[in-house]
1. Mind checking which pairs have a first residue in the range 79-105 that is basic (Lys, Arg) and a second that is open to solvent by less than 80 Å² (accessible area, probe 1.4 Å), Cβ under 7 Å, 6 or more apart or different chains?
2. When you go through (1) within 17 Å of Ala55 (Cα to Cα); (2) among the basic types (Lys, Arg); (3) out of contact with any Asp or Glu (no Cβ under 7 Å at 6 or more places or on another chain) one by one for Lys98, which number turns out not to apply?
3. Here are some residues: Ile78, Ile97. Which one is aliphatic (A, V, I, L, M) and more than 17 Å from Lys30 (Cβ to Cβ)?
4. Could you check how many residues of the range 44-70 are of a type in the set (Ser, Thr, Tyr) and modelled with pLDDT of 90 or more?
5. Condition test on Ser119, is it open to solvent by less than 30 Å² (accessible area, probe 1.4 Å), polar (S, T, N, Q) and closer than 21 Å to Ala34 by Cα?
Amino acid sequence: MKYRLLPLLIVLLLLLAASCSGPERMLIGKWSLAGRMIGGAPSSFWFKRNGVVLAPWEKRSYAMLSEGTYEFTDDTHIRIVIDQGHYKGNVYQFQIIKLTENELVLGSDFEEIRLKRVSD
C-alpha cells in the first residue's frame, strides 16, 4: 500500500518545486539593455541558477565586471547585492514590472530598466 503512494508523492514534490521557482526560472539567462539607463549602467545582467549575477559595465572599449548575488524578496521584487568588482558594496532593489520569455522590465524609484533576453 505505501509503495502505491510513492509515485503520487514524487509528482506532488515536483509540482511544488516547479511552482516555487516560477519567476526565478524565467529570469535565468543573459539579459542585455534594450533602452537607456540613468547614470552608469551595466551592458547586461547574467542571472545564474545558484543566485549569482554577473554584470559587466562597458565604457569606451573597456569592460569592468561586477559579480554578486540576487534574491527574490517576494513574487514581484528582486534584490541584487554586488560583492566583487565594479560597484562593489552596492545594493539594488527592483520591482519586476514585466517578465516574459524575452523581455524583462525592472523598476526603481526613478526609472524603468528595459532588458531583452540574449541567451539562456
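The values are calculated or read from the model by the stated rules, or taken from the named source; none is laboratory data. Since the structure is predicted, the reported quantities are computational estimates derived from the model, not experimental observations. No Cβ is skipped: glycine too gets one built from the backbone with ideal geometry, and neighbour counts run over all protein chains shown. Surface areas here come from the heavy atoms of the whole protein model, side chains and all, with no ligands, DNA or RNA. Shrake-Rupley method; radii C 1.70, N 1.55, O 1.52, S 1.80 Å.
1. Here the result reads Arg79/Tyr70; Arg79/Thr73; Arg79/Val91; Lys88/Ile82; Lys98/Leu104; Lys98/Val105, each pair linking the range 79-105 to a residue that is open to solvent by less than 80 Å² (accessible area, probe 1.4 Å).
2. Evaluating Lys98 over (1) within 17 Å of Ala55 (Cα to Cα); (2) among the basic types (Lys, Arg); (3) out of contact with any Asp or Glu (no Cβ under 7 Å at 6 or more places or on another chain) leaves (1) as the failure.
3. On the way: Ile78 fails: more than 17 Å from Lys30 (Cβ to Cβ).
Result of the check over Ile78, Ile97: Ile97.
4. Here is the first cut: in the range 44-70, the residues of a type in the set (Ser, Thr, Tyr) are 44, 61-62, 66, 69-70.
Retained after the next criterion (residues that are modelled with pLDDT of 90 or more): 66, 69-70.
Adding up the residues that qualify gives 3.
5. Criteria not met by Ser119.
Here is a yes/no grid of residues against (1) buried (at least 16 other Cβ atoms within 10 Å of the Cβ); (2) in contact with a Leu (Cβ under 8 Å, 6 or more places away or on another chain); (3) assigned to a loop (DSSP other than H, G, I, E, B):
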| position | (1), (2), (3) |
| --- | --- |
| Gly68 | yes, no, no |
| Ile78 | yes, yes, no |
| Asp83 | no, no, no |
| Tyr92 | yes, no, no |
| Leu106 | yes, yes, no |
| Phe110 | no, no, yes |
| Leu115 | yes, yes, no |
